[in-house]
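The values are calculated or read from the model by the stated rules, or taken from the named source; none is laboratory data. Every value quoted in this text rests on a predicted model; they were computed, and no experiment measured them. Glycine gets a Cβ as well: all are built from the backbone with ideal geometry, and neighbour counts include every protein chain shown. For the accessible areas, the whole protein counts, side chains as well, though only heavy atoms, and no ligand, DNA or RNA atoms are used. Shrake-Rupley method; radii C 1.70, N 1.55, O 1.52, S 1.80 Å.
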Amino acid sequence: MVADKRTVSDRHVVLEKYQRLDQGDRVQALYIWVDGSGEGIRCKSRTLDKPPKSHEDLPIWNFDGSSTAQAEGCNSDVYLHPINIFKDPFRGGNNILVLCETYQFDHKPTRTNKRKTCFDVMESEKVKPHRPWFGIEQEYTLLDIDGHPLGWPKGGFPGPQGPYYCGVGTNKVFGREIVEAHYRACLYAGVKIAGTNAEVMPAQWEFQVGPCEGIEMGDHLWVARYLLHRVAEDFGVIVTFDPKPMPGDWNGAGAHCNYSTEEMREEGGMVHIYTAIEKLEKNHDYHIRSYDPNEGRDNARRLTGAHETSRIDQFSHGVANRGASVRIPRQCAEDGKGYLEDRRPSSNCDPYSVTEAIVRTTVLDYQP
């Protein structure tokens, strides 16, 4: 068997002539869902006869859940329920990305379908008047195909952290072309991406999604993650959302969640911000369990009290304090209103679980 010597670039040149072929009125719909790990994203395509007006026009589909850790082989069909549509930046035209929820054979949500309960909370009559807004700062790390951080010396380490955060220059940042391609793909797709920056550890980056209201936060972040994996695939690079991809004196990766209610955003809102913080402190253990897919075990490697993190076993807060569980931005403290930043969620968190937990605690006074 002869090995394929073509580069990623060569393959894209060949693909391009096929992508230019006319597809008539038909639409390629890529169904996307979260798999049984609670972190992985799966997808598959189907043809539609015409563009749908909304996700409600799309057919319910299914997949082999035994291959995604979501069902047994003897009863393997899992249902895909379309819940949101985005434009497809890879296929262009009228082609679409379809975000889906997953349901078991008995039509109950799968274990990793965190959207269902989040939606019920966000759309409840007690929550909707508060208009909860979210913004999530998604950190991630780019790896070479061998699993080593992109741009790092093979078998070695770059210089200590310091010059890489928001850095500029070939010896400061690695993978900017992937970041820029992802940014534009998100804008095209309709994802509410707010910005990007290079992070503290070399080969680590961040993009921000928001502000989003209610259930919208989880939808947009999951699609942004799909787009990032897909863009990185085109460049032959791996994306990891591991909260501590490199042990030792290197920063971990989080998904800091900025949060406010309408009361917090109005004059005198600081009172409501501190009330919310008091409630978050009382439910600290519940939030730690909700902030990574392994109920805190992943975050335990990151939340050590070092590298701009709080300790996982202690709750703390402060103005402009990046070593606290919850930070109040300096500008908000000066304005007397605004939002809080919960710095505990891990980079591999499920945004539906994070936003649901925050609203349950601060608005619904939930006690686990």
Kindly list, by first and then second residue, each pair from a residue in the stretch 10-21 that is at negative phi to a residue that is open to solvent by 100 Å² or more (accessible area, probe 1.4 Å) and not in a helix (DSSP H, G or I), limited to pairs with Cβ atoms under 6 Å and residues at least 6 apart or on different chains. none
With the checklist (1) closer than 23 Å to SER310 by Cβ; (2) under 13 Å from the mean Cα position of the chain (by Cα); (3) in a loop (DSSP other than H, G, I, E, B); (4) not charged (D, E, K, R) in hand, flag the one item ASN251 doesn't pass. (2)
What are the residue pairs meeting all of these: first residue in the stretch 256-268, first residue open to solvent by 10 Å² or more (accessible area, probe 1.4 Å), second residue of a type in the set (Lys, Arg) and in a strand (DSSP E or B), Cβ atoms under 9 Å, and 6 or more apart or on different chains? HIS256/ARG327
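Does PRO149 qualify as being out of contact with any His (no Cβ under 6 Å at 6 or more places or on another chain), at negative phi and open to solvent by 10 Å² or more (accessible area, probe 1.4 Å)?
Details: out of contact with any His (no Cβ under 6 Å at 6 or more places or on another chain): yes; at negative phi: yes; open to solvent by 10 Å² or more (accessible area, probe 1.4 Å): no.
Against the criterion (out of contact with any His (no Cβ under 6 Å at 6 or more places or on another chain), at negative phi and open to solvent by 10 Å² or more (accessible area, probe 1.4 Å)), PRO149 does not qualify.
Let's see how each residue does on (1) hydrophobic (A, V, I, L, M, F, W, C); (2) out of contact with any strand residue (DSSP E or B) (no Cβ under 6 Å at 6 or more places or on another chain); (3) assigned by the TED database to the domain that holds VAL354; (4) more than 18 Å from VAL237 (Cα to Cα):
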site: GLN104; (1), (2), (3), (4): no, yes, no, yes
site: THR117; (1), (2), (3), (4): no, yes, no, yes
site: LEU142; (1), (2), (3), (4): yes, yes, yes, no
site: PHE157; (1), (2), (3), (4): yes, yes, yes, yes
site: PRO160; (1), (2), (3), (4): no, yes, yes, yes
If you take the residues in the stretch 229-238 that are surrounded by 19 or more Cβ atoms within 10 Å (Cβ to Cβ) and touching a helix residue (DSSP H, G or I) at 6+ places or on another chain (Cβ under 7 Å), which one is farthest from ARG302 (Cα to Cα)? VAL231
Which residue out of ALA181, ALA185 is touching a helix residue (DSSP H, G or I) at 6+ places or on another chain (Cβ under 6 Å), at pLDDT 95 or above, more than 29 Å from ARG265 (Cβ to Cβ) and open to solvent by 20 Å² or more (accessible area, probe 1.4 Å)? ALA181
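How about the stretch 194-228: which of its residues are part of a strand (DSSP E or B) and open to solvent by less than 20 Å² (accessible area, probe 1.4 Å)? Step through it out loud before you land on a result.
Filtering the stretch 194-228 for residues part of a strand (DSSP E or B) gives 194-198, 204-213.
GLY195, ALA198, GLN204, TRP205, GLU206, PHE207, VAL209, GLY210, CYS212 - these are the residues of the stretch 194-228 that are part of a strand (DSSP E or B) and open to solvent by less than 20 Å² (accessible area, probe 1.4 Å).
Looking at ASP342, ASP350, which one is of a type in the set (D, E, K, R), surrounded by 22 or more Cβ atoms within 10 Å (Cβ to Cβ), in contact (Cβ under 8 Å) with a residue 60 or more places away in the chain and touching a Pro at 6+ places or on another chain (Cβ under 9 Å)? Before the answer, list the steps.
On the way: ASP342 fails: touching a Pro at 6+ places or on another chain (Cβ under 9 Å).
None of the others qualify; the one that does is ASP350.
May I ask you to say which residue of GLN314, GLN331 is outside any helix (DSSP H, G or I), open to solvent by 20 Å² or more (accessible area, probe 1.4 Å) and either more than 17 Å from MET217 (Cα to Cα) or touching a residue at least 24 places away in the same chain (Cβ under 8 Å) (or both)?
Working: GLN331 fails: outside any helix (DSSP H, G or I).
Going through GLN314, GLN331 in turn, just one is outside any helix (DSSP H, G or I), open to solvent by 20 Å² or more (accessible area, probe 1.4 Å) and either more than 17 Å from MET217 (Cα to Cα) or touching a residue at least 24 places away in the same chain (Cβ under 8 Å) (or both): GLN314.
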May I ask you to verify whether ARG115 is open to solvent by 70 Å² or more (accessible area, probe 1.4 Å) and either in contact (Cβ under 8 Å) with a residue 12 or more places away in the chain or of a type in the set (Asp, Glu) (or both)? no
Would you mention how many residues in the stretch 67-90 are crowded, with 17+ Cβ neighbours inside 10 Å and in a loop (DSSP other than H, G, I, E, B)? 6
Would you pick out the residues in the stretch 152-178 that are hydroxyl-bearing (Ser, Thr, Tyr) and surrounded by 10 or more Cβ atoms within 10 Å (Cβ to Cβ)? TYR164, TYR165
Every listed condition ((1) modelled with pLDDT of 95 or more; (2) under 30 Å from GLY36 (Cβ atoms); (3) assigned by the TED database to the domain that holds GLU199) holds for GLY147 save (1)
Return the residues of the stretch 281-308 that are over 30 Å from PRO160 (Cβ atoms), open to solvent by less than 20 Å² (accessible area, probe 1.4 Å) and under 22 Å from the mean Cα position of the chain (by Cα); say none if nothing qualifies. HIS284, HIS287
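Can you tell which of LYS126, LYS50, LYS154 is free of Cβ contacts under 8 Å to residues at least 40 places away in the same chain, over 30 Å from GLU206 (Cβ atoms) and part of a loop (DSSP other than H, G, I, E, B)?
Values: LYS126 fails: free of Cβ contacts under 8 Å to residues at least 40 places away in the same chain; LYS154 fails: over 30 Å from GLU206 (Cβ atoms).
Answer to the check: LYS50.
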The stretch 229-248: number of residues that are over 20 Å from GLN208 (Cβ atoms) and part of a strand (DSSP E or B): 1
